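Each remark here refers to the structure printed beneath this line.
The values are calculated or read from the model by the stated rules, or taken from the named source; none is laboratory data. Since the structure is predicted, the reported quantities are computational estimates derived from the model, not experimental observations. Neighbour counts are summed over all protein chains in view; Cβ atoms, including those assigned to glycine, are modelled from backbone coordinates with ideal geometry. The accessibility values were calculated without ligands, DNA or RNA, using every heavy atom of the protein model including side chains. Shrake-Rupley method; radii C 1.70, N 1.55, O 1.52, S 1.80 Å.
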Amino acid sequence: MLCQQCGQREAEIYLVQTLNGEKTQTHLCAQCAANSAITMTPISFASFLQGFVDAPKLFGECAQPKQAEASCPLCGQSLTELSRTGKAGCPSCYKTFAPQMAAMIRSVQAGNSKHIGKIPQSAGEARACRELEQYKQKLSEAVAKEEFEEAAKLRDAIRALEGGTADGKMVRGEQ
Amino acid sequence: MEKWYEENSNASSILSSRIRLARNFSERPFPKGANDDERLEMIDKTAKTLAQYKGADPLSMNLLDSIDRVSRQALVDKHLISPNLAAEKRPACVFISRSEKTSLMVMEEDHIRIQAIEAGDNITKAYERASAFDDLLDEEIGYAFDGQWGYLTSCPTNAGTGLRASYMLHLPYLEAMGQISNIASSIGKFGYTIRGTFGEGSGSYGSVYQISNQITMGMTEEDILRSIQSLAGEIVEKERYLREREVAGNPLGAEDRVWRVYGLLTNARQMTEKEAITNLSLLKTGIMAGIIDQSLPNIYDLIVHIRTATLSKNEGITDMAEVPAARAAYLRKKLAG
């Protein structure tokens, strides 16, 4: 197929981008891709893990006053250790050092910081949240298309889910 | 049961499709900080869960300390374990399926790394298999997962989907025309890498390259698979175009190169691993260009078998000085009959 930018050359690159939660899909030829203003320049693994110049600065910007001495309750990793290795000591580090993990993730994942893929069966809460997001999305689409009956059903389902979650019960709305 | 590399086709530039999923237990330190007891406990839990799998391609459990150095290298060569795991001195384990299409590393950089390989362009099939084992393990283990950041991994470069999708491609003409670095920079902008499979850095040989995604968050698994499949297709199409153009431009030169290599492979009395891989790669190029008979044995299968670790293990060689002659003998037998 032809490049979506110039409409002249053969598209060679299929690009899927998620910026600020919005997904775009583009087919570009090599030239337009090279000239593209939306290149992502992910920092390479090696340069990041070797303490690429951003890392200490990155952490300095996000460190909360109390965090300097903080260590993870599960694995005992300190903030210093985290900034030295660039790796978490355990899953809880992601919560303990949330601002730093967020900064690292954004910088190695080309600005992305929200997982939109598979959710394991065991993560019930995350599944319910994703379902709620999807219902809300469908609701705004239904309203835009003036499908008010559908919209009403979705609104009820959303209320049931939100009500259920608030009580600690998982109440499934009508589909 | 056929190994995956025996299913390979000489007619395709796509040698294999590979999926790797990184997963972790939720209430344990990542492997680097886990003590021996914790590691053994997690290995045990994984083994008990995998014992439930009663499929047609059974898994064998291999504690790392039961695998000798040469066997470890053979597993690395076949991409069943990483060099990282091969070097591990503390408790670790790898589960390998009979066809070698599935391997699960336990206590590598993450607690569990599920890997699925398929011959040729079959990335979706590989993903489905990896995902099935993924679901089986999650049911018993309950992975470390966060609503915002997805699957939590030791290194943030793997967080989110924890998915590394890659293709192994045979690209002799793109390589000869100096196009690999161009490909590297244009796909690099979109979060993909390409690197030589055999040898290190600029010293790579055999014209086999691996492309894989670097970004694991902010895309769905389907997005990643679709993108990389499309990318592999585009690269392979470019390779085909260059091959046809170059062969048409100098048919005698192309034929000569291939037949000389055939002569060498069917007559030499000793050969190093690097020389064998380089020559076999040229032979495969000849098959793809229609210069030499397609009924020759599966070239990639030959490559797997002539690598030093695998060859010495299969032939019971203990004195490494005997390997070059054994390799040449194996090739003569396979290629000339």
How large is the convex hull of the C-alpha atoms of segment B:128-238 per residue, in Å³?
124 Å³
Counting only protein heavy atoms and a 1.4 Å probe, tell me what percentage of the protein assembly as shown's accessible area is made up of carbon and sulfur.
50 percent
With everything on Cα atoms, drop me the angle between helix B:36-50 and the longest principal axis of chain B, reported from 0 to 90° to the nearest 10.
70 degrees
Ranking B:Thr272, B:Thr193, A:Thr80, B:Thr49 from most to least accessible area with a 1.4 Å probe gives A:Thr80, B:Thr272, B:Thr193, B:Thr49
Taking 1 over the mean of 1/r across every pair of different Cα atoms in segment B:1-104, what Kirkwood radius in Å do you get?
15.3 Å
For chain B, I need the span (max minus min coordinate) of the C-alpha atoms along each principal axis, in Å, sorted largest to smallest.
64, 46, 35
Rg/Rg_ref, segment A:106-146, where Rg_ref = 2.2 N^0.38 Å and atoms are Cα
1.54
Per-residue accessible area for B:Val70 at 1.4 Å probe radius, Å² rounded to 10?
40 Å²
Kirkwood-based Rg/Rh on the Cα set of the protein assembly as shown evaluates to 1.00
What are the extents of the Cα atoms of segment B:171-322 along their three principal axes, listed from largest to smallest and rounded to whole Å?
53, 44, 29
Which of the residues in segment B:173-208 lose at least 50 Å² of accessible area when you go from the chain alone to all protein chains together (probe 1.4 Å)?
B:Lys189, B:Phe190
Tally the DSSP beta bridges in segment B:97-215 and give the antiparallel ones as a percent, rounded to 5.
95 percent
Across all directions of projection, what mean area in square nanometres is found for the Cα convex hull of segment B:74-180?
9.0 nm²
Whole-percent tail of the Cα-Cα distance distribution for segment B:72-120, cut at 16 Å, equals 32 percent
Long-range tail of P(r) for segment B:3-46 (Cα pairs > 11 Å, %)
75 percent
Under a Cβ-Cβ cut-off of 9 Å, what is the net charge of the residues other than B:Ala116 that fall near it, where Lys and Arg count +1 and Asp and Glu count -1?
+3
Hey, with R₀ at 41 Å, roughly what FRET efficiency would A:Ser78 and A:Glu10 work out to, going by the Cβ-Cβ distance, to 0.05?
0.20
Charge context of B:Ala47, other residues only, Cβ under 13 angstrom, K/R +1, D/E -1:
0
Using a 1.4 Å probe, what is the accessible area per residue for segment B:211-295, in Å²?
45 Å²
Rg/Rh for segment B:155-207, where both radii come from Cα atoms and Rh is the Kirkwood radius
1.02
log₁₀ of I(q)/I(0) at q = 0.12, 0.13, 0.18 Å⁻¹ - segment B:103-162, Debye sum with one point per alpha carbon:
-0.31, -0.37, -0.70
Go ahead and estimate [θ] at 222 nm for chain B from helices alone: -39,500 (n - 2.57) per DSSP H run with n ≥ 4, summed, over the residue count, rounded to 500.
-14000 deg cm²/dmol
Where the centre of each part is set by its Cα atoms, how far does segment B:38-84 sit from segment B:200-253, in angstrom?
30 Å
Excluding ligands and nucleic acids, what accessible area in Å² is computed for B:Arg257 using a 1.4 Å probe, to the nearest 10?
120 Å²
Let me check against my output: what whole-number percent is the relative contact order of chain B, with C-alpha pairs under 8 Å and at least 6 apart?
21 percent
Computed Kirkwood radius, in angstrom, where 1/r is averaged over Cα pairs of segment A:72-123
12.0 Å
What is the spread of the Cα atoms of segment B:253-337 along each of their three principal axes, largest first, in whole Å?
40, 22, 19
